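Just below is one structure, and these are the notes that go with it.
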């Protein structure tokens, strides 16, 4: 019974995180840092950093992964599930309501005018996100070729992005292995 | 059946996306292949997902799911997008220490990151046509707004929700009240 109550607490805490996670995944890590590291001392700051870096390196949503890793660490599989589903329910409910109204009012001229304005912001938002990714994206020179290859395949041959990522995976393993064998001293320097 | 198709599409998206914006090109591909969303709707969902709580990828899943098959669609799409978390990440949690030291994921990311940059540039270029020339001819007002938004975001570090709100207000004034093209 005590265990059940603790898992429920975890679920509710992650519901709260989920409700206040705007934009990227970093705000949830900051909230976890505050609650579990500074207030309750459940894990150390280094452990949270480890969870975050593993969560980031796995496919899928980064914060979903971090939630799973944290939940498993404290209460096993049940804890992991509690964290993941706790975190996704509030944003899903909010977005369900918004999508409903979006569909209802899409044709309204005032809404259409507002969305016309909003759409002009989407390319700048994506562009600024890509500019932020440039620093970490090109660790070795051949990475530039991978970028040009995927861009070309996307624009000119309309290749589905799922395959482009798989090409990226294959290239990454080959490139990293090559530089590893060459004994690149710069490896690990981020 | 559309629920199964949605689930499978988002499983593919989930397993090939690595956080944040990198999901957008994958969602664009899968949504347009199935005719579930238009490029205009993809622009809208990016903006809406940035304004609401929760990770971008899951918000896109909810939006796409509801638009194609209502609430069950949203649940199917979210479960699909969460499949890597519920499988691979659970395995990583069980074998955490071994996983932390393993090189395979970081090696893969060496190629995945530049691929994501390439795909994102591709999506950005195609969205330029949708968003700045919605009727086929370039709208100078839209281009001007886009430049203003970019300067606000990068030079003045204005937060994304504020930029979106400002763009909505300017859209109402310029396109709605003044009736500019």
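Taking into account only those residues within the stretch B:30-46 that are within 7 Å of chain A (Cβ to nearest Cβ) and under 11 Å from the mean Cα position of the chain (by Cα), which is farthest from residue B:136 (Cα to Cα)?
B:46
Output the residue which, of all residues in the stretch B:53-71 that are out of contact with any strand residue (DSSP E or B) (no Cβ under 7 Å at 6 or more places or on another chain) and not in a helix (DSSP H, G or I), is surrounded by the most Cβ atoms within 10 Å (Cβ to Cβ). Working first, answer last.
Narrowing the stretch B:53-71 to residues out of contact with any strand residue (DSSP E or B) (no Cβ under 7 Å at 6 or more places or on another chain): B:54-71.
If we keep only those that are not in a helix (DSSP H, G or I) as well, we get B:54-55.
Details: B:54: 29, B:55: 27.
Only one residue fits best here, namely B:54.
Which residues, counting only those in the stretch B:91-111, are within 18 Å of residue A:169 (Cβ to Cβ) and at the interface with chain A (Cβ under 7 Å from one of its Cβ atoms)?
B:92, B:99, B:105, B:106, B:107, B:108, B:109, B:110, B:111
Looking only at the stretch A:82-100, filter to residues that are within 9 Å of chain B (Cβ to nearest Cβ) and under 30 Å from residue B:110 (Cα atoms); which one of those is modelled with the highest pLDDT?
A:84
So, residue A:76, is that one at pLDDT 90 or above, more than 18 Å from residue A:15 (Cβ to Cβ) and in a helix (DSSP H, G or I) or not?
So residue A:76 fits the description; yes.
Name the one entry in A:118, A:84, A:77, A:66 that is in the same structural domain as residue A:48 (by TED's automatic domain parsing) and more than 19 Å from the chain's Cα centre (by Cα).
A:77
May I ask you to list the residues in the stretch A:150-165 that are more than 7 Å from every other protein chain (Cβ to nearest Cβ) and either within 22 Å of the chain's Cα centre (by Cα) or crowded, with 20+ Cβ neighbours inside 10 Å (or both)? Give the derivation first.
Of all residues in the stretch A:150-165, those more than 7 Å from every other protein chain (Cβ to nearest Cβ) come to A:152-153, A:156-159, A:163.
The answer is A:153, A:163.
The rows are residues; the columns are (1) within 23 Å of residue B:48 (Cβ to Cβ); (2) surrounded by fewer than 13 Cβ atoms within 10 Å (Cβ to Cβ).
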{"site": "B:140", "(1), (2)": "no, yes"}
{"site": "B:148", "(1), (2)": "yes, no"}
{"site": "B:152", "(1), (2)": "yes, no"}
{"site": "B:157", "(1), (2)": "yes, yes"}
{"site": "B:160", "(1), (2)": "yes, no"}
{"site": "B:167", "(1), (2)": "yes, no"}
{"site": "B:172", "(1), (2)": "yes, no"}
{"site": "B:175", "(1), (2)": "yes, no"}
{"site": "B:178", "(1), (2)": "no, yes"}
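Collect the residues in the stretch A:1-42 that are farther than 30 Å from residue B:164 by Cα and in a loop (DSSP other than H, G, I, E, B), keeping them in residue-number order.
Residues satisfying the conditions are A:1, A:40, A:41, A:42.
Only one of A:63, A:43 is crowded, with 16+ Cβ neighbours inside 10 Å, free of Cβ contacts under 8 Å to residues at least 60 places away in the same chain and within 11 Å of chain B (Cβ to nearest Cβ); which?
A:63
The values are calculated or read from the model by the stated rules, or taken from the named source; none is laboratory data. Keep in mind it's a predicted model, so treat the numbers as computed, not measured. Note that we place each Cβ from the backbone using ideal geometry, even for glycine, and neighbour counts take in every protein chain shown.
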